[in-house]
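So the structure is just underneath, and the comments pick up after that.
Taken together, the values in this text are just the output of simple stated rules run on the coordinates, not laboratory data. Please read all numbers here as calculations on a predicted model, not as lab measurements. Here Cβ is always computed from backbone atoms with ideal geometry, including for glycine, and neighbour counts include all displayed protein chains.
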Amino acid sequence: MKKEEFRNDLAKTLIELDDDTLLDAKDPAYFTRRRRSRRRARTLIALVAAFALLAVSLPLALFLNKAPETPIGTVSDFSTEALPFAQSSTLGNGGGAEYADFGVSLIARAVKMLPDDYLLYGYHEDKTFRIHEMETVTSPGAPQMPASFYLLLPEEYAVDLTAYEKLALFVIPQLCHEDAVVYNKTESRAESLSLMLFGGTSYGGIGGMNCCKFAAIRDGKIDASLWSANETWKRDTAYSLEKYLDGEAIFTVYRSYVDPAQNKTVKQDSGYNDILEAVKAANENDEHFRTRTIRSIDQATSAEAIRVLQTVKPFDHGVYVPDINAHYLAKDPMQFQYRRYINGFATSEYYNIMDNNHVQTPERVFTDEDLKSLPDAAGAMDAVKSKYDEGGIVPPHFTAEGATTVQNAFFGWYAKTDRGVFFVVKVMWLITAKNMWHYDDCYFITSNNGADLKEISRDDLLEILGNDNSFVYQDEYNAVKPYC
Amino acid sequence: MEDEKIVQLYLQRSEEAIACTEQKYGAYIGAVSLNILGNLADMDEAKNDILLAMWNSIPPIVPENLKAFLTTVARRVSLNLLRSKKRLNGFLLDVSFEELDECMPVRASTEDAFDAEELKRTISSFLSTLSDDERRIFLCRYFYGDSIKKLAKDFYFTQSKIKMTLKRVREKLRVTLEKEDLYL
């Protein structure tokens with residue numbers, strides 16, 4: 001047999017392999033995971049080498065009557081200038097740059113609209129929000145919904161909701177844990193919220209889409225005037241309004257496109273009970289919400305899993321958004337990752353729970369002693385934000401002619417390390433240049449031992465954090481990045 | 001523009017949907033496509049196909065997550081484009097493919113007819129016996145045509161480790177082909 005024929009046969013066979021097999025070989029998620037695990041291994045080897053060096057150098061130094069040079073730096077070694085702490089209350093947002101697309105459905109009433117403008121940590125800064133204090137009227141299918149909560153509205157949607165008798169809110173995500181921290185833009189400081197924060201970054205009417213859906217209710221029927229309350233409402237709910245005025249409005253419950261039977265059609269002359277039924281159906285069919293909250297807790301059976309859930313659950317009502325690795329969730333709904341939040345900020349402490357029983361515990365967990373002397377998280381966030389606003393923080397890695405910063409965001413977390421507890425602030429940029437996206441970031445760190453807030457390089461930060469570094473950008477800078 | 005609005009434009013059959021998708025996700029589509037196709041010229045060609053596929057898919061599909069859906073479409077369209085390029089230009093232009101000569105069973109006969117289905121089954125089964133790394137390295141090298149240097153960078157291995165892995169996989173393939181009597 002000729003080699004060319006053999007090659008040709010193999011070539012044809014490889015071309016005809018199924019899509020999944022071929023695409024799996026180029027799965028970016030796999031390479032990202034792989035890079036992380038290899039970096040961890042490399043860090044471990046470096047640490048072992050460092051300790052080995054220390055073990056060798058210490059006796060030698062003593063012998064030579066000379067102080068050893070430790071290979072592991074301390075916070076005071078950081079070369080960049082210190083930032084002043086700002087005075088403010090504590091608070092924070094646990095989310096990443098993108099918020100969950102699942103939520104709870106209910107009938108609620110607006111109590112008041114807070115007077116200030118807000119920004120969300122972890123979310124790009126070009127979006128300003130307003131907050132309403134709300135009270136739950138009823139939430140069939142979601143009994144864990146708290147009696148009072150805050151509702152977030154992007155500024156362009158912000159109309160005074162107290163003008164409406166009641167509001168049917170569909171698939172409204174919980175954005176933060178209890179004690180969540182947001183940035184009060186009006187007063188230029190971090191602010192801790194006393195109620196749980198729900199809401200979305202985009203809203204729609206009741207037709208077809210799976211963004212947060214709103215319907216005002218008056219005298220037991222839909223009050224379509226909300227959908228033309230301002231230009232944004234008019235633009236974004238035109239489809240809903242058209243459907244409604246045509247005599248039919250469809251309450252599309254979550255994932256309804258998978259199973260159209262889950263849709264609930266409400267005619268113009270429908271009454272309050274029909275709307276309630278749609279709310280209930282939305283809650284019952286919102287698989288993500290149930291999976292991430294009630295079901296995941298109810299199905300934990302081992303004592304260890306229950307103990308962990310009690311540890312990481314910083315709320316009383318059972319309605320929350322645990323920091324779940326969506327990849328695991330998609331692959332196997334019985335596998336969850338829970339992250340602990342303290343004072344409204346994420347921490348490096350997270351647990352994987354497999355099959356509701358087997359628990360993978362992190363290397364380092366926060367102790368009661370740690371909680372007594374935590375770094376000033378809100379102060380650190382304020383200080384970095386203040387410096388940024390003064391123009392003192394710019395993208396450190398990416399510089400190109402014609403580059404434009406499209407978005408920037410701030411994110412902070414507590415990190416428990418071998419060297420103590422730190423609070424890390426991450427400043428992120430999304431930049432365009434030559435029609436391509438680029439990502440850049442920088443980091444600031446402060447500790448609970450009185451050290452000032454200082455900028456720190458990614459390498460130095462990774463050295464301090466060790467394996468618990470999931471919030472640190474792991475890829476190369478200057479690479480073309482997807483929009484996120 | 002928010003994703004929900006873009007999907008709404010698709011549902012309303014507004015061509016603005018394509019412009020908005022390109023504006024918001026054009027670079028992202030390019031990055032996804034480049035990862036599969038490996039060169040900028042093909043990437044540009046794929047972009048148009050991807051946007052057309054989006055237009056043809058929504059509706060009836062109403063994506064829950066536009067970006068995730070776009071990723072799936074972009075990857076599959078890029079893969080199909082890569083397949084058609086390979087069919088058109090001939091797979092054998094890939095230098096890396098010569099390495100597979102090693103897999104040819106030593107007792108191979110020229111008289112036996114090539115059984116495409118049987119070979120496909122054998123290769124699929126063979127791939128399933130490999131470890132995750134081995135399978136990916138094999139396909140990245142012999143289907144996607146990645147260089148040893150690129151593989152070393154992507155997999156965080158040394159180049160010699162990549163070469164050794166490929167050599168072992170080729171040997172396994174040769175043994176498998178012999179065992180299945182495919183070329184005897």
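Observations
- A Förster radius of 35 Å combined with the Cβ-Cβ distance from A:Thr361 to B:Arg168 puts the calculated FRET efficiency at roughly 0.45.
- Its Kirkwood hydrodynamic radius, worked out from the mean inverse distance over all distinct Cα pairs, puts region B:3-89 at 12.9 Å.
- Neighbour cut-off at most 13 other Cβ (10 Å), DSSP loop, trypsin sites (Lys or Arg not before Pro), region A:376-445: A:Lys434
- For the pair A:Asp24 and A:Ser302 in one chain, pulling the backbone fully straight at 0.36 nm per residue adds 96.7 nm over the alpha carbon distance.
- Simple spin-label estimate for A:Ala433 and B:Ser147 in nanometres, 7 Å along Cα-Cβ: 2.3 nm
- 10 Å Cβ neighbours from other chains, averaged over peptide B:69-76: 2
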